[in-house]
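What follows is a short report on a single structure.
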Amino acid sequence: MAQVYIVAGGPGDPELVTVKGRKIIENADIIFTSFRFFPTEMLAGKKADCTVLEHFDSTYDEKLEIIRDGVRAGKTIAYVNMGDPCLYGMINGLTDRLEKAGIEYEIIPGVSAFNASCAIIKKQMTGLGLPNTAVCGTYRDTPDAEGYLKKIASLGASVALFMSVEEMALVCSSFLTYYPPGTPVAVVSKASQPNQKIVIGDLQSMPQRLKETDVNDGLILIGDFINKEFDYEIEKQFMQQKKAETEARGEK
């Protein structure tokens with residue numbers, strides 16, 4: 001049975017941590033987290049004698065030694081990661097070391113910022129009358145940011161861009177190569193947190209609209225899914241097709 005858990009902390013709302021993740025946080029003896037990104041309420045319910053360590057105060061090798069000692073002492077250790085650990089969670093440096101050290105661990109999945117942002121604006125990225133492809137990306141750590149963004153834009157998908165708000169002008173100009181100027185854009189900052197902010201515009205207007213606000217971080221959503229009117233005719237055709245398929249199989 002694992003003693004080490006990599007837990008999805010979600011986008012910021014403590015209630016968006018999964019039930020399993022919450023139980024691990026409440027029973028952990030040692031917690032690694034980032035005070036810079038997490039509200040203190042995230043760790044509500046933790047044990048009084050739980051040791052909470054700042055993620056950025058130690059290297060992964062130093063974390064591994066702390067984890068080794070904790071495992072030998074029979075302690076439960078939680079590495080609480082913002083969003084979902086498997087999407088921009090940067091956990092490979094830890095999981096690779098754990099595996100090579102023969103330390104059993106479990107990853108607890110959760111809600112990513114793109115899930116929360118779409119829920120906040122009450123839209124889905126794929127569906128009837130919408131692209132059947134949704135892309136999550138970031139220009140960060142790419143040698144050719146403009147080329148990378150244009151490559152994503154060329155897919156014609158619904159897009160969620162992480163860690164890219166500071167380059168909004170570059171993002172919009174790159175997407176304008178393939179998308180119409182009126183293509184909707186939404187920026188959701190601090191999704192699900194009390195100080196959450198939403199800015200809505202389009203590829204042509206968003207750089208200026210963002211300058212007129214105090215929003216300087218968050219998730220960028222791009223695509224017609226943001227304001228496309230629902231197509232009841234497509235829905236009717238879809239349901240008729242499914243009914244015909246069911247009847248062909250002899251099902252009721």
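Read-outs: derived from the displayed coordinates by stated rules, not from any lab. Fair warning: this is a prediction, and the values are worked out from it, not measured in the lab. Cβ placement follows ideal geometry from the backbone for every residue including glycine, while neighbour counts extend to all protein chains displayed.
Based on the alpha-carbon gyration tensor of the stretch 23-63 and its eigenvalue square roots a ≥ b ≥ c, which shape applies: rounded if a/c is under 1.5, prolate if not and a/b is larger than b/c, or oblate? Verdict is oblate for the stretch 23-63. Applying D = kT/(6 pi eta Rh) to the stretch 1-45, where Rh is the Kirkwood radius over alpha-carbon pairs, T corresponds to 4 °C and eta to 1.567 mPa s, the Stokes-Einstein value obtained is 118 µm²/s.
Its DSSP H runs of at least 4 residues, each contributing -39,500 (n - 2.57), put the calculated 222 nm mean residue ellipticity of the chain at -9000 deg cm²/dmol, to the nearest 500. Calculate log10 I(q)/I(0) of the stretch 102-187 for q = 0.25 Å⁻¹, where I(q) comes from the Debye formula with a single equal point scatterer on each Cα and nothing for solvent. With no solvent term, the Cα-only Debye profile gives -1.41. Other residues whose C-beta falls under 15 angstrom from the C-beta of V215 contribute a net charge of -1, scoring Lys and Arg +1 and Asp and Glu -1.
Placing pseudo-labels 7 Å out from each Cα toward the beta carbon at E166 and R68 gives an inter-label distance of 3.6 nm.
Distance between the modelled labels on V52 and A244, one decimal in nanometres: 5.9 nm (7 Å Cα→Cβ projection). Across the stretch 1-81, how large is the tail of the calculated P(r) beyond 22 Å, expressed as a percent of all Cα pairs? That tail contains 17 percent of the Cα-Cα pairs. Restricting the stretch 1-101 to trypsin sites (Lys or Arg not before Pro) that sit in a DSSP loop and have at most 10 other Cβ atoms within 10 Å of their own Cβ leaves R36. Each principal axis of the stretch 54-128 carries a Cα extent, and these read 52, 24, 20 Å when sorted largest first.
For the chain, taking Cα atoms only, Rg and Dmax work out to 21.6, 63 Å respectively.
When each of the peptides 224-234, 25-35 is scored by the mean number of other C-beta atoms lying within 10 Å of its residues, the order from highest to lowest reads 25-35, 224-234. Working note: Cα gyration tensor of the stretch 1-139, eigenvalues times five, square-rooted, sorted largest first, giving semi-axes of 29, 17, 13 Å.
Peptides 163-175, 192-204 ordered by packing proxy, namely the average of other Cβ atoms within 10 Å per residue, highest first: 163-175, 192-204.
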